[in-house]
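Inspection log for the structure reproduced underneath, given as structure tokens.
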Amino acid sequence: MRDRRALLLVIASGALLGAGGVIAAALNDLPQDARPLQDPTAELNSQPAAQPATPPVVVPPREPAPEAAPAPVVPIPITPANPPVVVVPSADDVASPDEKAGTGGGEAEAVPAPAPTTAEADEPARRQRRRVAIVEAVDKITAEKMRFAVEVGGRPVRFADSLIVTARACEVSAPAELVPDSVAYLEFRIQPRGLLQSAEPREIFRGWMFASSPGVNGLQHPIYDAWVVGCRA
């Protein structure tokens, strides 16, 4: 009897642990509410690394100038040296004896000039990845506007009542690019609030967004407007 009770307790404990794991995974997939950034004007695209301390500059003691001889009263004439004479050999001097006598083996073959070599172009620097995308969204009905952070590959973020934002990638332009920019791959879905949802979230946008050009490949929705502002490490 006791063995049967112990077996039932073990089975019940295993079932509870399995159900707890399923519930934890489901809660992790649920979107979290958007929170406004504390410092929206902070630097978004890059965070410079700490510079090493500069060693103090040691200035050596100044030495006195050496005493020079006084200038002569009468100017001393200076005669320039004769320039060397360079003798350029003529074509007859350079020609071989056969060519001078006219008994050579015909005209000399023309040697093609070597083709100019061009240095291989250096490989352009790749864009730097960031782990947080900064998104700004507007609810056209309530006029609510918020700038919030979305972790790349992390939990989705819910804005207002039903807009869910997911970040898949966020990059900043390379130093060699002419226009500094932030590019993010975002997904936007619509799903009303509530723990138990009867319908799957409806996707309304997926693709790359550009911080320098919000109108290029932007979100088009009758209720919400959203765009990427920058990337943060």
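Averaging the sequence gap over all C-alpha pairs within less than 8 Å and six or more residues apart, then dividing by the number of residues, gives the stretch 143-232 a relative contact order of 22 percent.
Within the accessible area of the stretch 147-233, what % is carbon and sulfur when the probe is 1.4 Å and the other protein chains stay in place?
Ligands and nucleic acids excluded, carbon and sulfur give 52 percent.
Charge tally for residue 183 (other residues, Cβ to Cβ under 9 Å; Lys, Arg +1; Asp, Glu -1): -1.
The values are calculated or read from the model by the stated rules, or taken from the named source; none is laboratory data. If you're wondering where the values come from, they're calculated on a predicted model, not measured in any experiment. Backbone-built Cβ (ideal geometry, glycine too); neighbour counts: all protein chains shown. Note: accessible area is taken over every heavy atom of the protein model, side chains too, but ligands, DNA and RNA are not part of it. Shrake-Rupley method; radii C 1.70, N 1.55, O 1.52, S 1.80 Å.
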